[in-house]
1. How many of the residues making up region 230-259 are closer than 20 Å to residue 192 by Cβ, out of contact with any strand residue (DSSP E or B) (no Cβ under 8 Å at 6 or more places or on another chain) and assigned to a loop (DSSP other than H, G, I, E, B)?
2. Got at least one residue in region 289-299 being at pLDDT 95 or above and within 24 Å of the chain's Cα centre (by Cα)?
3. Would you confirm whether any residue within region 401-411 is within 19 Å of residue 308 (Cβ to Cβ), assigned to a loop (DSSP other than H, G, I, E, B) and over 22 Å from the mean Cα position of the chain (by Cα)?
4. I'd like the full set of residues that are closer than 29 Å to residue 304 by Cα and part of a helix (DSSP H, G or I), limited to region 424-441.
5. How do the pairs read when you match residues in region 432-452 that are touching a residue at least 12 places away in the same chain (Cβ under 8 Å) and at positive phi with residues anywhere that are surrounded by 11 or more Cβ atoms within 10 Å (Cβ to Cβ) and part of a helix (DSSP H, G or I), using Cβ under 6 Å and keeping only pairs 6 or more apart or on different chains?
6. Could you say whether any residue in region 96-107 is under 20 Å from the mean Cα position of the chain (by Cα), over 21 Å from residue 243 (Cβ atoms), in the same structural domain as residue 197 (by TED's automatic domain parsing) and at pLDDT below 50?
7. Would you mind finding the one in 364, 417, 371, 345 that is buried (at least 16 other Cβ atoms within 10 Å of the Cβ), modelled with pLDDT under 90 and assigned by TED's automatic domain parsing to the domain that holds residue 298?
8. Can you find a residue in region 318-336 that is part of a helix (DSSP H, G or I) and closer than 25 Å to residue 292 by Cα?
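The values are calculated or read from the model by the stated rules, or taken from the named source; none is laboratory data. Quick caveat: nothing in here was measured; it's all calculated off a predicted structure. Cβ: placed from backbone, ideal geometry, glycine included. Neighbour counts: every protein chain shown.
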């Protein structure tokens, strides 16, 4: 009898069959080696699949009966790599989505999409921002949300440019949303509203980049959200807490970016309620630099600046790693109340005084940045810095007489968060345009001395210090070049 052993790999199922032509062959060294080798390979492959599946996941979130979310933090990733994103395998285990699951996985693995969906959703593990997780798990069967999500991710992955793929997703999303609004009996859901909010975010970014977007488009979409919320309960599902927060923030951000009319304020939704009564009165103080600017400030703005300074104090004294979900939501409410009132105040008061207008933009920038690391890389800070530069260029030297310390704070905040193409113009303002006015404050040109002056206003060395220090190093370099 032949002692030859025949092996047949079954690649489809991961099995390997061993053909034996005599009873004793099962114990042969060759066959035992093949069995052990195959078992080891199968174990390693299974381990690799498990490790791959553990990557790219959202944080753990459990929806409660009242529609709210319970979030808890996983161990923080201190490697500096991209936070985990959602795994498409969990969203679409049966490959049943009306989109290319592989394409979706490719988008979610791209670092550029990390903040693409804010404030509607985020792929980070930080529970600070409103989340779309509950809707991604149960709402992607809604083609409107799915196509709006794909549009948002494709736009970010393409570097903020609208290509044919983006426009295709946009057209499909709008078509499905229109069907839901046109036929109320289809029962609009959270996913419909979130799809509209994602479209609002894209239109706002289009407008900010001066490509294809119109402010009227943003207003039309937000009017659609408002219309859906006005439907009788028989024609819409319950709107969850995370969705209501996303509505508020998207409405506010769009107003700041495009100038659209606000339809939702900080008092619209009860989840955003906030007041000072939970804190000590000593926390709400006006920074000393503003005490000599009463010619610019009224009682309403003073109260807002006091609230902003308290947010700065809380942000400096607590580490994000140790904030509970309840604390985070409370901070989110406080930030919302500050930013919302600043935007309302700017709409009604800024035109009366160019210096006041600059102050309000920087105050808004501070409020936006003091919440969490998530918001710090968004494009709104760069947009605020660009708007601020336009306002500064319209002011005269005489308007800053007696307000030189305020001017230094404004220039450093604007320069710290300006885009690379805009920052040199801030350097020029410090070293040339306003050099004479600022010289008594910056004569040593040392950052330590400059920061002590900035600390008289709303200032966080932890949050604002690093980027402002980089900006000032560029200023020092310009001084040395003469």
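1. 4
2. Within region 289-299, none of the residues are at pLDDT 95 or above and within 24 Å of the chain's Cα centre (by Cα).
3. So far as region 401-411 goes, yes, one or more of its residues are within 19 Å of residue 308 (Cβ to Cβ), assigned to a loop (DSSP other than H, G, I, E, B) and over 22 Å from the mean Cα position of the chain (by Cα).
4. Residues satisfying the conditions are 426, 429, 430, 437, 438, 441.
5. What qualifies is 445/476; 445/479.
6. Checked region 96-107: no residue is under 20 Å from the mean Cα position of the chain (by Cα), over 21 Å from residue 243 (Cβ atoms), in the same structural domain as residue 197 (by TED's automatic domain parsing) and at pLDDT below 50.
7. Unique residue meeting the criteria: 371.
8. Among the residues of region 318-336, not one is part of a helix (DSSP H, G or I) and closer than 25 Å to residue 292 by Cα, which makes the answer no.
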